[in-house]
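Asker: First the structure, then my questions, so here it is.
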Protein chains: 2
Amino acid sequence: MKFKRVKGTFDILPEEYRLYKYVEYSLSSLAELYGYSGVETPAFESLELLKAKNPSIVDQIYWFKDKGGREIGLRFDLTVPIARVIAENPQLPKPVRFYYFSKMWRYEEPQKLRYREFWQFGVELIGSSSIQADAEVISLAIDCLRQFGLKFKVFVNDRILLESILERLSIHKRLELFRIIDKREKLSSQAFLSQLRAIGLSAQQIERLMKIIEIRGDIERISMELEDLKSKKVEERLNVLKELVKLIEAYGSKNYLEFDLSVVRGLDYYTGIVFEIFSVEDNKRVGNAICGGGRYDNLIEIYAKQRIPATGFAIGVERLIELLKQTKSIPKEKKIKVLIISDPETSILMRRKLMGVGIIALIDVMGRNLSKNLEFADKQNIPYVIICKELEKQKGVAKVRDMIRGREVEIELDRLETYFKQLL
Amino acid sequence: MKFKRVKGTFDILPEEYRLYKYVEYSLSSLAELYGYSGVETPAFESLELLKAKNPSIVDQIYWFKDKGGREIGLRFDLTVPIARVIAENPQLPKPVRFYYFSKMWRYEEPQKLRYREFWQFGVELIGSSSIQADAEVISLAIDCLRQFGLKFKVFVNDRILLESILERLSIHKRLELFRIIDKREKLSSQAFLSQLRAIGLSAQQIERLMKIIEIRGDIERISMELEDLKSKKVEERLNVLKELVKLIEAYGSKNYLEFDLSVVRGLDYYTGIVFEIFSVEDNKRVGNAICGGGRYDNLIEIYAKQRIPATGFAIGVERLIELLKQTKSIPKEKKIKVLIISDPETSILMRRKLMGVGIIALIDVMGRNLSKNLEFADKQNIPYVIICKELEKQKGVAKVRDMIRGREVEIELDRLETYFKQLL
């Protein structure tokens, strides 16, 4: 094949398209109930804007000079473009609640369910630094996935808590450390250790760090495990997390919550509570994160003239769809589909009538004979074929063939819509 | 402002987002009734693929080398990527009926309603060379726009008819000529004439050509006007067009049809019947084309190993939305929206109940006082505010303030959902 699609990209053909639209509709509807409104930004932004918070992200950006000499790059998430939107639209009353269902691009090595072009659904809650905002966003993420009947858990951490602990261990270079912790699962333990040493951690610091990032459980457990590391700041953050648990409980979602001190998120813009959602089986996480998010209080100020706190999350749509397929949580198509076989004008007149009552009505545009048409209906999974040749026309009827049961009935022409309507 | 969006692009903020989704839903639903299924392709393809049919299109393509040295370009339409999909998926039974609602990119000078990033809705009917296929696609385009109650006309032409006429006038270089005719409206008559001369047309040829491309009207009129130019081929094509009219009449859309020998379409891939849809006022076309399309029988063979005839159209979504705004053909948002003002946990519990019956329920995440909250509700056009402070809680009620009528009622807490449900 001479012409192929570009490496790391994929086509969405009809069967998948229906899933994407189903997922988009389900997620958007839920976000709307929470008071979020949809937005979409351009596929590309100036490269300077995209890399303002984190210059090293450039390695993952598809960027180029346009014909006017501008350096532009394809967006790698929607959080950064939305930060720009907030800066450009100071008139928007705070808090701003946005959701999106959009394509992103990252130049990374393609892997199973990781593409260079991919879709994300996400929300941003902008303007509030309160724990109520964190709770709202986490609860919305949970409700988004819960509606599909999936089994999952939200693993929550707090960058400020972790920073306070690191402070007590005299560990600095926290951003670098967070990046290393974030990709820990992708590294051999050898490589992980040597990267920790490379940023200057002593053997003792590494030992203590390793224990800390293995802490998991409910808030009481976390509090207990951190007993000997408690500073005033650590205490403070534990109280904030307790408040978070109380609010999530009010949202009816406490069971989904688990704290995990190894969760830090890869992007540098996170500043507070962060979380990742994994599918779980037998209480163990499976596969890659379906959803990730958290608080980013210092990002928008890069674009706006003032500090604007914010939090949000993004769901990986390809991963979600894969889970829906595995768990067979996909509703069946409800519309009736027919193929009409008659002369061109009769076909059109019949088609109009049937479409008028909400039936999908195809006609033959290939000039095929009956058996070729039936073959097409079969390949396309069209459940009903209407045959109305000269003979039937003279009798004022049409034959309706049920392709699944292999039965055929004669229906009077003026009863055709009624016949199909009662099948709906 | 230091950081801005890139020239020629735009953000879709909530009010507009709702319009895009409304238009997407309306158009997609109609295409589905005709038996079309949705598809989406990657934003970029290899540059070689994009320019295979027409190398000069490169001037309009955003293209670049990715980090792997591949020359890739952002798609400028979906017809070319879908041609690639058809070639890569020979198993798809013909005819294939696809629709899409997608973003495109073209590096052109931005103008009113012409952006460098824009949306198109379109369909492709692939595998049939019959006039029934042309009629289906034109009728679908008409139904797509008719559902919004717009006033418009479809201006139809036939490249084969025009070629047959040009043959009779001994005019060659037809592709070049079509390109010049297509941009005629954008050229001064001076520039138009000099371009015609530049491709070698004589004064006499130009004179005759000018008369031909001014021919407009119904099929009888066209036939009459071409009386002295009739060859066997011209006659043949006129008969095909008569058949087209008959079929469109069966679709109930003959009134929308007008033939116009100046319509040729700009892209080189068209080979037969082409059409453009314009909004009309007092029988005159207004603004730019809302929709354009036609037959392209030689495009897919570039990618596949065989000739596969096809026809389709694309609607410019920004132009359509502009028309909907002008004609006020936009349905109102039907959901009820409330802002809950109470303590954090009561707010959440109330929110859950209301969302459960389909009401959009926001809570305060800013820790604001009552008057600041009312101000926010006002700015956000939230029609109802629920107030449940200590006093109301003790009484087991909530105050519901109707922000539009300025009235306030007390509702028992357990009657709150019922109260709002009856407002729906």
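Asker: Short version: ³J(HN,Hα) in whole Hz for each residue of region A:42-56, in order, from phi by Karplus 6.51 cos²θ - 1.76 cosθ + 1.60 (θ = phi - 60°), x for Gly and Pro, what are they?
Answerer: x, 5, 10, 10, 5, 4, 4, 5, 5, 9, 4, 7, 8, x, 6
Asker: In Å², and per residue, what accessible area does region B:14-326 have when probed at 1.4 Å with the other protein chains present?
Answerer: The answer is 38 Å² per residue.
Asker: Please work out the average accessible area per residue across region B:337-423, using the 1.4 Å probe convention, and give it in Å².
Answerer: Value for region B:337-423: 51 Å² per residue.
Asker: Still on this structure, please answer the following. Using modelled backbone amide H atoms (1.01 Å from N, in-plane), which distant-in-sequence or interchain residues come within less than 5 Å of B:Val6's amide H?
Answerer: Those qualifying (amide H under 5 Å, at least 5 residues apart or on another chain) are A:Ser46.
Asker: Nearest 0.05, what FRET efficiency do B:Arg415 and A:Glu410 give at R0 = 51 Å with Cβ-Cβ as r?
Answerer: E between B:Arg415 and A:Glu410, to the nearest 0.05, is 0.35.
Asker: Any idea how far apart B:Ser329 and A:Val286 come out in nm if each label point goes 7 Å out from Cα toward Cβ?
Answerer: 4.8 nm
Asker: Normalising by the residue count of chain B, find the relative contact order in percent from Cα pairs under 8 Å and 6+ residues apart.
Answerer: Once normalised by length, the contact order is 15 percent.
Asker: Kindly state, to the nearest 0.05, the FRET efficiency for B:Ser202 paired with B:Glu227, given R0 = 25 Å and r defined as their beta-carbon distance.
Answerer: 0.65
Asker: If you don't mind, there's one more thing I want to ask. Show me the GluC sites (Glu not before Pro) within region B:20-117 that DSSP assigns to loop and that have at most 16 other Cβ atoms within 10 Å of their Cβ.
Answerer: When the GluC sites (Glu not before Pro) of region B:20-117 are filtered for loop state and at most 16 Cβ neighbours within 10 Å, B:Glu108 remain.
Asker: Pairs of Cα atoms under 8 Å, at least six residues apart: use those to get the relative contact order of region B:62-116, whole percent.
Answerer: Across region B:62-116, relative contact order equals 32 percent.
Asker: How high is the FRET efficiency from A:Glu220 to A:Lys67, r the C-beta distance, R0 56 Å, rounded to 0.05?
Answerer: Step by step, r from the Cβ atoms, then E = 0.40.
Asker: Once both axes come from the Cα atoms, what is the angle between helix B:232-250 and the longest principal axis of chain B, in degrees from 0 to 90, rounded to 10?
Answerer: 20 degrees
Asker: With a 1.4 Å probe, what is the total accessible area buried between chains A and B, in Å² rounded to the nearest 100?
Answerer: 8500 Å²
Asker: Work out how much length B:Asp59 to B:Gln306 would gain on full extension: take 0.36 nm times their residue separation and subtract the Cα-Cα distance, in nm to one decimal.
Answerer: Gain on extension, B:Asp59 to B:Gln306, equals 86.0 nm.
Asker: A follow-up question, please. With the dipole of region B:337-423 worked out from charges on the C-beta (+1 for Lys and Arg, -1 for Asp and Glu) around the Cα centre, which of B:Phe376, B:Gln394, B:Ser342 lies farthest toward the positive end?
Answerer: The Cα lying farthest towards the positive end belongs to B:Phe376.
Asker: Another question, if that's okay. What residue among A:Val338, A:Val39, A:Val156 shows peak mean-square fluctuation when chain A is described by a Gaussian network model with Cα springs under 10 Å?
Answerer: Of A:Val338, A:Val39, A:Val156, the most mobile in the Gaussian network model is A:Val338.
Asker: For the protein assembly as shown, what is the Kirkwood estimate of the hydrodynamic radius, computed as the reciprocal of the mean inverse distance between distinct Cα atoms, to one decimal in Å?
Answerer: Kirkwood radius, the protein assembly as shown: 30.2 Å.
Asker: Gaussian network model of chain B, Cα springs within a sub-10 Å range: biggest mean-square fluctuation belongs to which of B:Ser342, B:Ser139, B:Ser329?
Answerer: Most flexible of the set in this elastic network: B:Ser342.
Asker: Would you work out if region A:337-421 is rounded, prolate or oblate? Take a ≥ b ≥ c from the square roots of the eigenvalues of the alpha-carbon gyration tensor; rounded if a/c is under 1.5, else prolate when a/b is larger than b/c, oblate otherwise.
Answerer: Taking the square roots of the gyration eigenvalues as a ≥ b ≥ c, region A:337-421 is rounded.
Asker: Also, I was wondering about something else. What distance in nm separates the simple spin-label points at A:Arg174 and B:Asn255, each placed 7 Å from Cα in the Cβ direction?
Answerer: 7.0 nm
Asker: So, with a 1.4 angstrom probe, what is the percent of accessible area on the protein assembly as shown that is carbon and sulfur?
Answerer: 47 percent
Asker: Ok, one more. So which GluC sites (Glu not before Pro) in region B:292-337 end up in coil per DSSP with only 16 or fewer other C-beta atoms within 10 Å?
Answerer: B:Glu333
Asker: While we're on this one: When the Karplus curve 6.51 cos²θ - 1.76 cosθ + 1.60 is applied with θ = phi - 60°, which whole-Hz ³J(HN,Hα) does each residue of region B:389-398 get, with x for Gly and Pro?
Answerer: Karplus-based 3J(HN,Hα) across region B:389-398 equals 8, 3, 4, 5, 4, 4, 7, x, 10, 9 Hz.
Asker: Nearest 20 debye, what's the magnitude of the dipole of region A:226-334 about its Cα centre given +1 on Lys and Arg Cβ and -1 on Asp and Glu Cβ?
Answerer: 320 debye
Asker: OK, next. What is the magnitude of the charge dipole of region A:337-421 about its Cα centre, with +1 placed on the Cβ of each Lys and Arg, -1 on the Cβ of each Asp and Glu, and no other charges, expressed in debye to the nearest 20?
Answerer: Dipole magnitude for region A:337-421 comes out near 200 debye.
Asker: Simple spin-label model, 7 Å along Cα-to-Cβ: A:Glu109 to A:Glu375 in nm?
Answerer: 4.7 nm
Asker: Averaged over A:358-365, how many beta carbons belonging to a partner chain fall within 10 Å of each residue's beta carbon?
Answerer: Across A:358-365, the average partner-chain Cβ count within 10 Å equals 6.
Asker: Right, here's the next one. Threshold 50 Å², probe 1.4 Å: give the residues of region A:89-127, in number order, that are less accessible with all protein chains present than with their chain alone.
Answerer: A:Pro93, A:Pro95, A:Arg97, A:Tyr107
Asker: Going by the alpha-carbon gyration tensor, a ≥ b ≥ c the square roots of its eigenvalues, is region B:157-273 rounded (a/c under 1.5) or, if a/c is not under 1.5, prolate (a/b greater than b/c) versus oblate?
Answerer: Verdict is prolate for region B:157-273.
Asker: Hey, in the GNM for chain A with a 10 angstrom Cα cutoff, which one of A:Glu185, A:Glu410, A:Glu136 fluctuates hardest?
Answerer: A:Glu410
Asker: Moving on. Report which residues of region B:29-45 become buried by 20 Å² or more of accessible surface when going from the isolated chain to the complete set of protein chains (1.4 Å probe; DNA, RNA and ligands ignored).
Answerer: B:Glu32, B:Leu33, B:Tyr34, B:Gly35, B:Ser37, B:Gly38, B:Val39, B:Glu40, B:Pro42, B:Ala43, B:Phe44
Asker: Can I ask one more? Given the rule -39500 (n - 2.57) for each run of at least 4 DSSP H residues, summed and divided by the residues of chain B, what is its mean residue ellipticity at 222 nm, to the nearest 500 deg cm²/dmol?
Answerer: Result for chain B, helices only: -11500 deg cm²/dmol.
Asker: Please name the residues of region A:294-333 whose accessible area, counted over protein heavy atoms with a 1.4 angstrom probe, falls by no less than 20 Å² between the chain alone and the full protein assembly.
Answerer: At a threshold of 20 Å² (probe 1.4 Å), the residues of region A:294-333 that become less exposed are A:Tyr303.
Asker: Going down the list A:Lys103/B:Lys53; A:Lys246/B:Lys335; A:Lys94/B:Lys395; A:Lys2/B:Lys305; A:Lys112/A:Lys325, which pairs span over 20 Å between their C-alpha atoms?
Answerer: The answer is A:Lys103/B:Lys53; A:Lys246/B:Lys335; A:Lys94/B:Lys395.
The values are calculated or read from the model by the stated rules, or taken from the named source; none is laboratory data. Given the structure is predicted, the values throughout are model-derived calculations rather than measurements. With ideal geometry, Cβ positions are generated from the backbone for all residues, glycine too; neighbour counts draw on all protein chains shown. Please note that ligands, DNA and RNA were not included when accessible areas were found on the heavy atoms of the full protein model with its side chains. Shrake-Rupley method; radii C 1.70, N 1.55, O 1.52, S 1.80 Å.
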